[in-house]
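Visitor: One structure is given below, represented as structure tokens, and several questions about it will come after.
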Amino acid sequence: MSPIEAVDAAGGARYVGQRVARSEDARMVTGHGTYVDDVVVPGVLHAAFVRSGVASGTITNLDVQGALATPGVRAVYSGADLNKLVVEPWLDYEGPLGAGPARPFRVLAEGDVRFAGEAIAMVIADSRYAAEDGAEAVIVDVEARRAVVRMADALLDSAPVVHPERSGNLAGEIAPPPDAELDAIFAAAAHVVTETFSQHRYACVPMETRGIVASWDPYKEHLSVHASTQGPHGVRTQIARVMGIGDHQVRVVMPDVGGGFGQKMFLVPEEIAVPLAARLLGRPVKWIEDRRENLMSGQHAREDEVTVSFALDGDGVILGAKADFLENVGSFPAGGSSSIRFSSMVFPGPYRIPRYRATARAVFTNTNGRCSYRGPWMVETVAREQMMDRVAAKLGLDPLEVRRRNVIVGGDLPYKTAAGLTYDQISAAETLEQAASIAGYDAFRSEQAAKRAAGRLVGVGISLFTEPSGIAAGTLSTEAATVRIGFNGHVEVVTSSASHGQSLETTIAQVVADELGVDMADITVSQGDTQSTPYGPGTGGSRSAVLSSGAAREASQAMRAKLLRIAAHRLEAAEEDLRIVDSTVSVAGTPSAHVGFAELARLAYSAPDALPEGEEPGLQTHVRYRPSSPFTWSNACHICTCEIDPKTGKVTVDRYIVSEDCGVMINPNVVEGQIAGGVVQGIGGVLYEQMPYDEDGNPLATTFVDYLLPTTTEVPLIEYGHIETPAPTNKGGHKGLGEGGAIGSPPAVINAVNDAIAPLGVCINAQPLTPEAVARAISSAASTPTHRLSPAEETP
Amino acid sequence: MPEASGVTTVAIQCSVNGARYTATVEARLTLADFLRERCGLTGTHLGCEHGVCGACTVLVDGRAVRSCLMFAVQAQGREVTTVEGLAGPGGALNAVQEAFRSEHGLQCGFCTPGFVVAATAFLADNPDPSEAEIREAMSGNLCRCTGYQGILRAVAVAAAAGREELK
């Protein structure tokens, strides 16, 4: 495939912006990728876990004799064995933060259990089959206690306390002082609209579950780890802290990783148990999470409730906003998984909201812990975009018109939101108009009127948002890249972050190829090994396009300058007369005067006397990169149309349009692939996926027969519009968008469904919008005399 | 034969990607684990181990099956083809593999072997499928990265390439 048509001024191929096929694919389509379960370690033993069958209770008996007597079983560990080995429980880079109580953590349940699925004992055997035999032979008696499951119950005085060592179930709180000025705005407003929106619990569900293999060398005092993770350096630090050894004593290799979506940013306790057991036993230990474990104990996401109030003038212009967030973090949440600070900060989104106050609480419950999931803060968009439609309904305006009246336009920039964030360059209004245009919004409304008159339930939903991409603050501030050229002239790029599906081996090579004047085939990108790559915080936060490519770009520019200095000296030419094409430096106008990268490498490594005075020998450059702003804002508008079967309540998504601005695109295939994946996760989340618990805290979706992922027969054809406003925060002008698809899609689908049933006088504020839920809403309209079922009667 | 440990083992013979394998396996060993652990063919992936996700799809006597739901002993006398057995001489990608690459039909790549094997079997049965038939045929495999957009394109492109070849 040769899609490279653009040519730069110097005559070299241009890769950035092209639909380049991926470097990763040949190995993956032939079954030659290497995922953690494919790693072969001699002498490895296999782990299986015994898990709690109840949400809360006291362990009254734990008998492992039957397991120890099971053929093939080598060891059985309980909480009493492993928990005492934990030196520092901080699963974060920076250790303890603030003075508050520590985030709850233990390797295995000890004394009591706090969610159904919590690991109680670890069985290690010659094979996974034998380990599971052993796990079945462990006898556990638990005296069940009353559990707290619903977040609304967690803060009641009568609620049982999830973690008895804490005073209550409040896990986090934002409680700013009252805002009299905002209250005055509300008191004087022409309209005040208040609504409560909730979203249900669903989960990341990467196709590859978690997995880890660890080997301890007692003589080197060194731990070797392969892990399915989003960040090998984070895994190294987490394990080193827990085990009380230095980072330098741990090597973590991240092989090919089958998706993460936030879930693999931090380790779960089972993954900590593996290296602890490997050191205790002096044998390598492997644990591959099975799907039931992943769904039951591999951590969940999303469960939130938000009450929003808008003060509006008579034209539907927002004068002020209040938002109150409630978040369920389960029992043992992952590091960084509480999103209330981010959600409340990002809430004003793409609209001019002059004054705003947020309050929030996060609560513990006896459920699986919360983890980050693609746009972990996205409930702000889910709530705000439903709210825009409620405002439209209340004021008798079209949802598109309400957004037009409030959206931030180019003339407003730079715009500082009422939450204190500054948009330097966004194009929210442009994406709104582009999406409406692609959707044929006005024509749809006309067709909708005709279809409604015929009794059909069709709807359209809009979602508009800004995405805080390229997050570069605190631990996430930087990424690094090393560029080196070897004796054969081949370019190697070593990156601090690593792809778990984001195509970085391709996109980073595209950037480097353009900067250096090299064919992509002459570039190899290496990643994912703490022993050979610079420190990086892990791939998440839509950071790679901004930070990783930024680091690679600047290291390449430094390499280019170095190559030109050496070549100018060699060719006795001025640097400004040189150009680089196909890994060869030549003098413009004198094609016979040229020197290739291989010869330059030979000079740099083997003939340092041939280098310009003061030039450092070797061909290697390294840059640790920080963009000029902690956020690189991207933005998008999603428009979805749907039709509902009035009898069954089944929702069919007909069209799905995304107009986005991620700045300069490196590879439109990758951009659209990221959007599509996120959009379908959001469609799945709203319509099919749910992680329900019964009132006792038993998880009800522990297989793919209960947890319904969308398939090819449910997904619409996604239509894209691209607006490219270069980001001012980085030289490439790129903005991240890895999370946006999953942020924007849920409210677009929810709004389309509510628009479809609006003629019935009903509205649904909670998901999932399963056929049962939608049919229930439709029948509630039918049984309420004030709401007429016949859409024809609704038509003016 | 029952062993002292109480685990029953069975001798089997089968062909995998054209090579003959003779092995003694536990009766409970799944075909997927046999392929991965005994044959060293780790391209067959396990995404759910309960027959829903399709990542472990292989061909048995030319028909697509879920190797997590089949025991190794059931492969006795059969011909098994895994994703590693699809590429042509010299590692040349088959039409489906090539189309997955050109159409951005994969991201993390974990589900990909199952899709590639399932699509190869599907197009062998139905070389000229409609879009609806492609959607139906691929609905037995789960992908979490791509939203299926590139996968649906890839199967259509592979079908067109196959028809072109027949002309």
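Just so you know, all these numbers are worked out from the coordinates, no wet-lab data involved. Note that the structure is a prediction, hence the values are computed from the model and not measured. Neighbour counts are summed over all protein chains in view; Cβ atoms, including those assigned to glycine, are modelled from backbone coordinates with ideal geometry.
Visitor: Pairs of alpha-carbon atoms within less than 8 angstrom and 6+ residues apart define the contacts here; what relative contact order does chain A have, in percent?
Guide: With pairs under 8 Å counted, the relative contact order is 15 percent.
Visitor: Name the residues whose placed amide hydrogens come within less than 5 Å of the amide hydrogen of A:V142, ignoring near sequence neighbours (fewer than 5 apart) on the same chain.
Guide: The list, which skips near neighbours in sequence, is A:T60.
Visitor: Nearest 500 deg cm²/dmol is fine: what mean residue ellipticity at 222 nm does the protein assembly as shown get from its DSSP H runs of n ≥ 4 alone, each adding -39,500 (n - 2.57), divided by its residue count?
Guide: Rounded to the nearest 500, it is -8500 deg cm²/dmol.
Visitor: Another question about this same structure. Within 10 Å of each candidate Cβ there may be at most 12 other Cβ atoms; applying that plus a DSSP loop requirement, which GluC sites (Glu not before Pro) in the range A:567-644 survive?
Guide: Passing both the DSSP loop test and the Cβ count: A:E572, A:E613.
Visitor: So what's the gap between the Cα centers of the range A:652-729 and the range A:381-404, to the nearest angstrom?
Guide: That distance is 22 Å.
Visitor: Treat the count of other C-beta atoms within 10 Å as a stand-in for reagent exposure and order A:F487, A:F186 from fewest to most.
Guide: A:F487, A:F186
Visitor: If you don't mind, there's one more thing I want to ask. Would you list B:E49, A:E118, A:E719, A:E181 from fewest to most Cβ contacts within 10 Å?
Guide: Lowest to highest Cβ neighbour count: A:E181, A:E719, B:E49, A:E118.
Visitor: Taking the Cβ-Cβ separation of A:E165 and A:D424 as r and a Förster radius of 41 Å, what is the calculated FRET efficiency to the nearest 0.05?
Guide: 0.35
Visitor: A follow-up question, please. Please state the shape class of the range A:410-553: rounded when a/c is under 1.5, otherwise prolate if a/b exceeds b/c and oblate if not, all from the C-alpha gyration tensor.
Guide: prolate
Visitor: So, R0 is 30 Å and r is the distance between the beta-carbons of A:D183 and A:D315; what FRET efficiency does that work out to, to 0.05?
Guide: My answer for the efficiency is 0.85.
Visitor: Now, a different point. With charges set only on the Cβ (+1 for Lys and Arg, -1 for Asp and Glu), what does the dipole of the range A:564-678 come to about its Cα centre, in debye to the nearest 20?
Guide: For the range A:564-678, the charge dipole is close to 500 debye.
Visitor: What pairs in A:K394/A:K451; A:K394/A:K647; A:K264/A:K650 have C-alpha atoms more than 30 Å from each other?
Guide: A:K264/A:K650
Visitor: Across the residues of A:704-716, average count of Cβ atoms on other protein chains within 10 Å?
Guide: Averaged over the peptide's residues, the number is 6.
Visitor: Per-residue HN-Hα couplings for the range A:123-129, Karplus 6.51 cos²θ - 1.76 cosθ + 1.60 at θ = phi - 60°, whole Hz, x for Gly and Pro?
Guide: Here the 3J(HN,Hα) series is 10, 10, 8, 5, 9, 5, 4 Hz.
Visitor: Still on this structure: Let me check I've understood the local charge: for A:I778, count other residues with C-beta under 10 angstrom from its C-beta, Lys and Arg +1, Asp and Glu -1. What total comes out?
Guide: Spelling it out: positives minus negatives among the neighbours equals +1.
Visitor: Just subtract the alpha-carbon distance of A:L717 and A:T703 from 0.36 nm times their residue separation and send over the number in nm, one decimal.
Guide: Full-extension gain reported as 2.3 nm.
Visitor: Separation between the A:D582 and A:R565 pseudo-spin-labels, each 7 Å from Cα along Cα→Cβ, expressed in nm?
Guide: About 2.9 nm, to one decimal.
Visitor: Right, another one. Counting partner chain Cβ atoms within 10 Å of every residue's Cβ in A:41-49, what's the average?
Guide: 0
Visitor: Gain in length, A:V192 to A:N61, computed as 0.36 nm per residue apart minus the alpha-carbon separation, to one decimal in nm?
Guide: So the extension gain works out to 41.4 nm.
Visitor: Projected area of chain B, taken from the Cα convex hull and averaged over every viewing direction, in nm²?
Guide: Mean shadow area of the hull around the Cα atoms is 10.2 nm².
Visitor: Sorted by mean Cβ packing within 10 Å, highest first, what order do the peptides A:685-693, B:138-146, A:741-749 take?
Guide: Top to bottom by mean Cβ count within 10 Å: A:741-749, B:138-146, A:685-693.
Visitor: Debye sum, Cα scatterers, chain A, no solvent: what log₁₀ I/I(0) at q = 0.09, 0.10 1/Å?
Guide: Taking Cα atoms of chain A as identical point scatterers yields -0.90, -1.08.
Visitor: Where the centroid of each part is defined by its Cα atoms, how far is the range A:207-257 from the range B:138-166 in Å?
Guide: 37 Å
Visitor: While we're looking at this one, here's another question. Taking a point 7 angstrom from the Cα of A:T475 along the C-beta vector, which residues in the range A:54-95 have backbone N less than 16 Å away?
Guide: A:88-95
Visitor: Step through the residues of the range A:690-699 one at a time and calculate ³J(HN,Hα) from phi using the Karplus curve (6.51 cos²θ - 1.76 cosθ + 1.60, θ = phi - 60°), rounding each to whole Hz and writing x for Gly and Pro.
Guide: Once θ is set to phi - 60°, the couplings for the range A:690-699 become 7, 10, x, 10, 7, 5, 8, x, 8, x Hz.
Visitor: Now a separate question. Taking R0 as 30 Å, what FRET efficiency do you get between A:T590 and A:H622 from their Cβ-Cβ distance, rounded to the nearest 0.05?
Guide: 0.35
Visitor: Averaged across B:82-88, how many Cβ atoms of other chains sit within 10 Å of each residue's Cβ atom?
Guide: Counting other chains' Cβ atoms within 10 Å and averaging over B:82-88 gives 3.
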